[in-house]
Structure formats: C-alpha cells, structure tokens
Amino acid sequence: MGVFGAVGNLALTGNQALAVVFLVRVVGLGPFAVGLLLAVPGAAGVVAALTSRRVTARFGTARGLLFSALVLMPFGLLIPLTERGPGLAFYIAGIFLAASGTATASIIINSFRQAYSPPHMRGRAAATMAVLLAGTSPLGALLGGALGTAIGVRDALWVIFAVAAASGTVMLTREITTRRNLPTAVLPEHAETAARYAPQVQRAPSAPQPS
C-alpha cells in the first residue's frame, strides 16, 4: 500500500504541475474556466468522504480499495483528450473519477493503518507513509515539468496518468485479492515483528518493607 501511495502521488503531483499550463496554453481556456475545472478534484474528495463508508460496507474494504485504484483512477486517461467546448467533458469526467478513486483509496488505507497497527507502532506507520508521500511530491512535480518540456504537455499527461492507472497493480497480492475486507488485527505471521517493537514496561522498584 505504501508503494501504491508513493507511485500514485508521484503521478498526481506531476499532473498538478502541468494542469494550469495544459488548460491555459494547450486547451486555451480563460482564468474563470480554469478555476472552475481546478475545483473539481476538491468536490470529488468531498463526495468520496461522504460515500466511502457505503462503498466499504457494500463491497468490503479490500474490494473497495481495489475498485478505487484499478477502476476509478484509470479514468484519468480521459484528461489528455480534453479540448475546448464539448471536449471539456473529458477533463471533468476524468479528473472527477480519478480524484474520487484517489480519495477513497486514501481513506481506506488510512483507516486500515489505524486499525491494523498496534498502538505502539501507529506513530511509526504514519510517519513512514508521510515520508513516502512528502518525498515523492517534489519528484512528481519535477517529473511532470521535465516530461512537459521534453515531449509536450499533452503527451506528458498521457505518461503521467498511465503511471497513475498502473499504480494500483502493486496491490494485486494474495493478501488483498483473496479477502473481502482488510484485516483489523495483526495477522499471526506479523505478530512476532509487532512484539519485537513493543515497548518494554519497566517495573517500579518495590518499596522497602518496614522493619
């Protein structure tokens, strides 16, 4: 899941670096239209927050995660097809569905991490994920800018959203694909590792007995 988050974040920050340039210089939109289109991912995030509980209740957390990553996120490949006029529907549909998938997957992963990680390891797990995401953000922006300069903005978006669409394949593992729900307690094969990092409780020295 960490690899999925890192790769997906790398691609999506690359898109953010190119979005305004693409909409203004390539598609030829004005400031107001660009502002409206850039607000679509935020609206998608709100929708995902409101519907993620229903999605996981109906399909399960494991299947909901795979659906978000493998079905919704690939709709981002509609974005490079954007043109003025009716062609703007490609951008709206693509960014809304891809952002909904990203937000829903993030909600499921964060909830799983909190439920699965033992209390003494939650801080480490959260910090590790934060490092992965924060570390790939500047790399994604640099990648987007470099691709846009080298092959053009529209072609760069094809590459970026192809990476985003493929990022979910790293979760096609037996531990996820064979389950309806992600585990909520430490699996037996992970118990030894969790116990190894458990804090050692030091007993206070006993008080001297009165003579």
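Rule-based calculations on the coordinates, nothing more; no lab input. Remember, it's a predicted structure, so these values are computed and weren't measured experimentally. Counting neighbours? That spans all protein chains shown, and the Cβs are built from the backbone with ideal geometry, glycine included.
Fewest first, what order do 104, 184, 136 take by the number of other Cβ atoms within 10 Å?
Listed from fewest to most nearby Cβ atoms, that is 184, 136, 104.
What distance in nm separates the simple spin-label points at residue 131 and residue 71, each placed 7 Å from Cα in the Cβ direction?
3.5
Between residue 120 and residue 92, what FRET efficiency comes out of the Förster formula 1/(1 + (r/R0)^6) with R0 = 45 Å and r the beta carbon distance, rounded to 0.05? Working shown, then result.
On the way: r = 45 Å, r/R0 = 1.00.
Calculated transfer efficiency: 0.50.
For the pair residue 38/residue 162, report the inter-label distance in nm, with labels modelled 7 Å from Cα in the Cβ direction.
2.8
Decide, for region 57-104, between rounded, prolate and oblate: order the square roots of the alpha carbon gyration tensor eigenvalues as a ≥ b ≥ c, take rounded if a/c falls under 1.5, and otherwise choose prolate if a/b is larger than b/c, else oblate.
prolate
With the Cα gyration tensor of region 2-185 giving a ≥ b ≥ c as the square roots of its eigenvalues, does the rule (a/c under 1.5 for rounded; else a/b larger than b/c for prolate; else oblate) give rounded, prolate or oblate? Kindly include the intermediate steps, with their values, before the conclusion.
Numbers: a/c = 2.18, a/b = 1.70, b/c = 1.29.
Prolate, since a/c reaches 1.5 and a/b exceeds b/c.
What is the gain in length, in nm to one decimal, between residue 110 and residue 25 on full extension, counting 0.36 nm per residue of separation less the C-alpha to C-alpha distance?
Answer, rounded to one decimal: 26.9 nm.
Report the relative contact order of the chain, percent, no decimals, based on alpha-carbon pairs under 8 angstrom and at least 6 residues apart. Each step should come with its number before you reach the end.
Values: 252 pairs, mean separation 77.1, N = 211.
37 percent.
Most exposed first by the Cβ proxy, i.e. fewest other Cβ within 10 Å, how do 121, 73 rank?
121, 73
Classify region 1-54 as rounded, prolate or oblate, taking a ≥ b ≥ c as the square roots of the eigenvalues of its Cα gyration tensor: rounded when a/c is under 1.5, otherwise prolate if a/b is larger than b/c and oblate if not.
oblate
Between region 72-104 and region 136-167, how far is it from one alpha carbon centroid to the other, in angstrom?
A separation of 16 Å, based on Cα centres.
So what is the calculated 222 nm ellipticity per residue for the chain, using -39500 (n - 2.57) for each DSSP H run with n of 4 or more, over all residues, to the nearest 500 deg cm²/dmol?
Calculated at 222 nm, the ellipticity per residue is -22000 deg cm²/dmol.
Could I have the simple spin-label model distance between residue 178 and residue 142, label points 7 Å from Cα toward Cβ, reported in nm to one decimal?
Reported label-point gap for residue 178 and residue 142 is 4.0 nm.
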